[in-house]
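The block underneath contains the structure these notes are about, expressed in structure tokens.
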Amino acid sequence: MEMEINSLYSSLCLEEKGLSKNAFAAAYKGYRKLVKRNVIDNPRYLTICDFSQSSKLKRFYLIDMDENQVLYNTYVAHGRNSGHEYATRFSNKPSSLQSSLGFYETANTYVGEHGLSLRVKGLEKGINDKAYQRAIVIHGADYIEESRLRELKSMGRSFGCPAVPKSESKEIIQTIKDGTLLFIYHPSRNYQLKSKILNG
């Protein structure tokens, strides 16, 4: 699998796009495992949020695994209690206002206070399985737009949702809805040890 990971990482030009090889390797291993177990309804797309990076960088990667190309590389917010520029603290608890790491399957869309939004289901017990209960969703937000970075030199944070720029959110949500895989990465030792998907 290591050769496969290296080949894909190189062909997708992910190093140039800022995605760490460790993040991609973890995402791909989990993707392969979950697809093999038929956990994921739609294996075409793999979305990675690399929270080892600054929120000022484009750390959201939407990969078309069939066509072997990165469809979107953009900004993504972390929870306001996870850290300021960098996310360093993570929680599965309701009202924590923190991001949760790990693997998720996307679910249905709805129109709420942020417009078109996408529910996600946490696949890792004790790590992110309260995401639905916590109303952790993918939605568009003005506070994660590039224009804010130019004006205020910092990105806004969410209540724990992986919010994306409003200007791109509809296309992203429509692409990855209904059963694709989302992986939120951070080199947290606690997560790496607890994740049964990575270690199973």
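What follows is calculated from the coordinates using simple rules that are stated; it is not laboratory data. Keep in mind the model is a prediction, meaning the values are calculated, not measured. Virtual Cβ from ideal backbone geometry, glycine too; neighbours counted across all protein chains shown.
For region 37-69 and region 127-200, write down the distance between their C-alpha centroids in whole Å.
A separation of 11 Å, based on Cα centres.
For region 99-168, I need the span (max minus min coordinate) of the C-alpha atoms along each principal axis, in Å, sorted largest to smallest.
So the extents along the principal axes, rounded to whole Å, are 40, 24, 16.
Please report, in debye to the nearest 20, how large the charge dipole of the chain is about its Cα centre when each Lys and Arg carries +1 at its beta carbon and each Asp and Glu carries -1 there. Write down the numbers at each step before the final one.
Numbers: 29 positive and 21 negative charges, 175 e Å.
Using Cβ point charges on Lys, Arg, Asp and Glu, the chain gives about 840 debye.
Normalised by the number of residues in region 138-200, what is the relative contact order in percent for Cα pairs under 8 Å and 6+ residues apart?
So the answer I get is 32 percent.
Per residue of the chain, what 222 nm ellipticity follows from adding -39500 (n - 2.57) for every DSSP H run with n ≥ 4, rounded to the nearest 500?
About -7500 deg cm²/dmol.
Ratio of alpha-carbon Rg to the 2.2 N^0.38 Å globular estimate for the chain, to two decimals, please.
0.93
For GLU16 and ARG189 in the same chain, what is the full-extension length gain: residue separation times 0.36 nm, less their Cα-Cα distance, in nm?
Here the answer is 59.7 nm.
Of the beta bridges DSSP finds with both residues in region 31-110, what % are antiparallel, to the nearest 5?
Counting only bridges with both partners in region 31-110, antiparallel ones make up about 90 percent.
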